[in-house]
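**Student:** Have a look at this one.
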Amino acid sequence: MPIYVYQPSGDSSCDFCSAGFEKLEKLTEPRLSTCPHCAAPCKQVITAPNLHAGMSSLKPKNLAEKGFTQYRKVSKGVYEKSAGKGPQYISDDGKD
């Protein structure tokens, strides 16, 4: 279930909603139009998604299982494959 962010949309607000608030809601639930504490009008605010980007997801085994190829720089303009399918080495001089 996503967490939605709301902020007051009118002049009146309470301590709960004056700085905005978050609410865990099902996707099928109707969006709030009033503060649950003071019934002041409020609106949903669009925020950046919270994505997990932990280092474990960048491990070569995880990348290969997901169909990605990863290369690591071994010298200037030369990269060696560390995960996935593809040529063992790539370089910027056009030779593989």
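The numbers here are math on the coordinates, done by the rules we state, and not lab data. Just so it is clear, the structure is predicted and the values come from calculations on it, not from any experiment.
**Student:** Per 0.36 nm of contour for each residue apart, how much would the distance between residue 29 and residue 61 grow if the chain were fully extended, relative to their Cα-Cα spacing?
**Tutor:** Going from the current span to full extension adds 7.6 nm.
**Student:** Using each residue's phi in the stretch 74-81, evaluate 6.51 cos²θ - 1.76 cosθ + 1.60 at θ = phi - 60° and report the 3J(HN,Hα) Karplus result to the nearest Hz, with x for Gly and Pro.
**Tutor:** 10, 7, 4, x, 10, 10, 10, 5
**Student:** For residue 83, what residues show an amide H to amide H distance below 5 Å, using hydrogens built from the backbone and excluding near sequence neighbours?
**Tutor:** HN-HN under 5 Å from residue 83: 70.
**Student:** What share of all Cα pairs of the chain, in percent, falls into each consecutive 10 Å distance bin?
**Tutor:** 14, 26, 15, 12, 16, 14, 3
**Student:** Number of Lys pairs in the chain with C-alpha atoms less than 21 angstrom apart, excluding same-chain neighbours closer than eight positions?
**Tutor:** 16
**Student:** I've got another one for you. Full-extension gain between residue 11 and residue 85, please, as 0.36 nm times their residue separation minus the C-alpha to C-alpha distance.
**Tutor:** 20.8 nm
**Student:** For residue 50 and residue 69 in the same chain, what is the full-extension length gain: residue separation times 0.36 nm, less their Cα-Cα distance, in nm? It would help to have the intermediate numbers written out before the result.
**Tutor:** Values: separation 19, 0.36 × 19 = 6.84 nm, distance 2.51 nm.
Between residue 50 and residue 69, full extension yields 4.3 nm more.
**Student:** Over the chain, what is the mean sequence separation of C-alpha contacts under 8 Å (at least six apart), divided by residue count, expressed as relative contact order in percent?
**Tutor:** Worked out over the chain, it gives 19 percent.
**Student:** Using amide H atoms built 1.01 Å from N in the peptide plane, name the residues 5+ places from residue 43, or on other chains, whose amide H lies under 5 Å from its own.
**Tutor:** 7, 9
**Student:** Per residue of the chain, what 222 nm ellipticity follows from adding -39500 (n - 2.57) for every DSSP H run with n ≥ 4, rounded to the nearest 500?
**Tutor:** -1500 deg cm²/dmol
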